[in-house]
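Chemist: What follows is a structure written as structure tokens; I'll ask about it next.
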Amino acid sequence: MTHPHTQTYWLEHAWLGSFVEPGVAVEVVDGRITAVRTGLGSPPPGTEILRGLTLPGLANAHSHAFHRALRGTVQVGSGTFWTWREVMYATADRLTPDTYHALARAVYAEMALAGITAVGEFHYVHHAPGGAPYADPNAMGEALIDAAAEAGIRITLLDTAYLSSGFGQPPDTHQLRFSDGSADAWAERCSVLKDRDHLRIGAAIHSVRAVPARQLATVARWAEERRAPLHVHLSEQTAENDACRAAHGCTPTRLLADHGVLGPRTTGVHNTHLTDEDIALLGDSTTGTCMCPTTERDLADGIGPAAALQKAGSPLSLGSDSHAVIDLLEEARAMELDERLRTRTRGHWTAAALLRAASADGHAALGWDDAGTIETGALADLTTIALDSVRTAGPLPRLGAETAVFAASAADVRHTIVGGRHVVRDGAHTLVPDVPQALAQAVEALRA
Ligand SMILES: [Zn+2]
């Protein structure tokens, strides 16, 4: 019989969901928090000390790992989302299970260094170029799953149905490798995938452009039967809204509602260009909203109505999406600051509300209901932010949440702990020795 592995951390300051508490001991047994004791002025003997402000692990609810290869490259010249997409497709054409594994391992290691303990990978590059399945039809998904394990973070693989190029249009040349041919074939392929310790299997509908209306219910039912998360890119572009109205006479949100896609386990990603009726449909069904502010501003998408959506009943999560930068603190800050610019008033969300989107609500959107909080019973996933860096020194520790959200960056992440294990210690990854080099090599391998 093996003894359970017990470890106690002493958190110099801990954010416990709505306020900062000094001197908190967190006991962890086999990767789960078994006790949280507050009011400890000094660390009890035998505890591991985490200096700074410890938050629950951060959840990056929307990722396309391969977009990391575009960083910098896509900042030359002008254009729109649609011209950016051409460059993105050229990179997607070059991915293989091996090159994608190497890139994703490095990208997920970058996420760990940024304090991210769980990622939602919106995965649609399923097959070989041209569309022929690999010997293992889930070879690309398995490459991502292995990459997350090697980088030490949790992953929700949001296996994505991508069947058409536009309303009534077959996939174009680039998109052939994304398509399973039908939603039934998509369901058959992903039914082979099962949850593991670090893995949740979820579903995604790429968009109303990419899954014909009559097949939407197949994907929704698959997710419903498994009680799995279901994500969908929704109204990121006005062109998508226009094409949906032309094809179906309604908005994308209404189309999803009419085909049983909305609900508490569903998350709309972006939700940028919505009508008042769309906002009510999403809120009344408690469909979540994943905002990706650094990508939305990078791609000149527009500012989504996040505050109105939350007020209507839609829980908010955050994602780095195209990985223009990987910094969940920046995503949280950007959501509030975008709203300030639009409304010319301040304080739409408290720092605590923004951190909840980046932690508990992000995890819930990815099917990790037992992560994202520092409390007994939760998975022991923690992120410690330095409060003594050049960016964060000065404010009172009780303003740690405000300091972290509005002044810190990913560079201030000192420790990342997943399941009670240090994945990042003192700013260094414990499993991937040289993350910048791993990124450079993986991106070089994909260069034209
Ligand atoms: Zn996306």
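Chemist: Calculate, axis by axis, the spread of Cα positions in region 45-183 along the three principal axes, and write the results as whole Å, longest axis first.
Modeler: 65, 40, 26
Chemist: Where the centroid of each part is defined by its Cα atoms, how far is region 1-23 from region 188-263 in Å?
Modeler: Value for the Cα centre distance between the two parts: 38 Å.
Chemist: Oh, and also: Return the distance in nm (one decimal) between the two label points of a simple spin-label model at L337 and E444, each offset 7 Å from Cα along Cα→Cβ.
Modeler: 3.4 nm
Chemist: Of A203, A185, A378, which is the most mobile in a GNM of the chain whose springs link Cα atoms less than 10 angstrom apart?
Modeler: Evaluated over the chain, the most mobile residue of the options is A185.
Chemist: Using all alpha carbons of region 58-363, what is the percent of pairwise distances in each 10 Å bin, ordered from the shortest bin to the longest?
Modeler: Taking all Cα pairs of region 58-363, the binned fractions are 6, 30, 39, 22, 3, 0 percent.
Chemist: Using Cβ counts within 10 Å as a stand-in for footprinting exposure, how do L55, L255, L399, L216 rank, fewest first? Write down the numbers at each step before the final one.
Modeler: On the way: L55 31, L255 18, L399 15, L216 21.
Arranged by neighbour count, lowest to highest, L55, L255, L399, L216 become L399, L255, L216, L55.
Chemist: Still on this structure, please answer the following. Hey, what did the chain get for relative contact order, percent, Cα under 8 Å, at least 6 apart?
Modeler: Working: 1037 pairs, mean separation 95.6, N = 448.
21 percent.
Chemist: About its Cα centre, what dipole magnitude does region 58-363 give when the only charges are +1 on Lys and Arg Cβ and -1 on Asp and Glu Cβ, stated in debye to the nearest 20?
Modeler: Values: 27 positive and 37 negative charges, 74 e Å.
Using only the charged Cβ atoms, the result is roughly 360 debye.
Chemist: Between H13 and residues 5 or more places away or on another chain, which pairs have amide H atoms under 5 Å apart, with H built 1.01 Å from N, and which residues are they?
Modeler: Amide H neighbours of H13: G23, G52, T54.
Chemist: Just the C-alpha atoms of region 331-448: what Rg/Rh do they give, with Rh taken as the Kirkwood radius? Mind dumping the intermediate values first?
Modeler: On the way: Rg = 16.9 Å, Rh = 16.5 Å.
That ratio equals 1.02.
Chemist: Okay, next question. Amide H neighbours of A128 under 5 Å, at least 5 residues apart or on other chains, H built in the peptide plane: list them.
Modeler: HN-HN under 5 Å from A128: Y134.
Chemist: Can you tell me the order of 74-83, 146-155 when each peptide is scored by its average per-residue count of other Cβ atoms within 10 angstrom, highest first? Mind showing how you got there, number by number?
Modeler: Working: 74-83: 11.2, 146-155: 23.3.
The densest-packed peptide leads the list: 146-155, 74-83.
Chemist: Between T238 and I49, how high is the FRET efficiency from 1/(1 + (r/R0)^6) when r is the Cβ-Cβ distance and R₀ = 41 Å? Nearest 0.05. All intermediate terms of the calculation are to be shown ahead of the outcome.
Modeler: Working: r = 52 Å, r/R0 = 1.26.
Efficiency, from the Cβ-Cβ distance: 0.20.
Chemist: While we're here: Given the chain, what percent of its DSSP beta bridges are antiparallel, to the nearest 5?
Modeler: Details: 30 of 67 bridges.
Beta bridges within the chain, antiparallel portion: roughly 45 percent.
Chemist: Can you give the extra length, in nm with one decimal, that the chain gains between R85 and D258 once fully stretched, where that is 0.36 nm per residue apart less the Cα-Cα distance?
Modeler: Working: separation 173, 0.36 × 173 = 62.28 nm, distance 2.90 nm.
The R85-D258 span can extend by a further 59.4 nm.
Chemist: Each residue of region 396-411 in turn: what ³J(HN,Hα) in whole Hz from Karplus with 6.51, -1.76, 1.60 and θ = phi - 60°, glycine and Pro shown as x?
Modeler: My calculation for region 396-411 gives 4, x, 5, 9, x, 5, 5, 5, 4, 6, 9, 9, 7, 9, 4, 5 Hz in order.
Chemist: Sticking with this structure for a sec: Take the alpha-carbon positions of region 113-246, form their convex hull, and give its projected area averaged over all directions (one quarter of the hull surface) in nm².
Modeler: If you wrap the Cα atoms of region 113-246 in a convex hull and average its projections, you get 8.9 nm².
Chemist: OK, next. Calculated from DSSP H runs of 4 or more alone, at -39500 (n - 2.57) each and per residue, what is the 222 nm mean residue ellipticity of the chain, nearest 500? Show your work: numbers first, answer last.
Modeler: Working: 15 runs with 152 residues, N = 448.
Value at 222 nm, helices only, nearest 500: -10000 deg cm²/dmol.
A short reminder: the numbers here are calculations on the coordinates, not readings from a lab. All of these numbers come straight from a predicted model, not from anything done at the bench. So basically every Cβ, Gly included, is an ideal-geometry build from the backbone, and we count neighbours across all protein chains shown.
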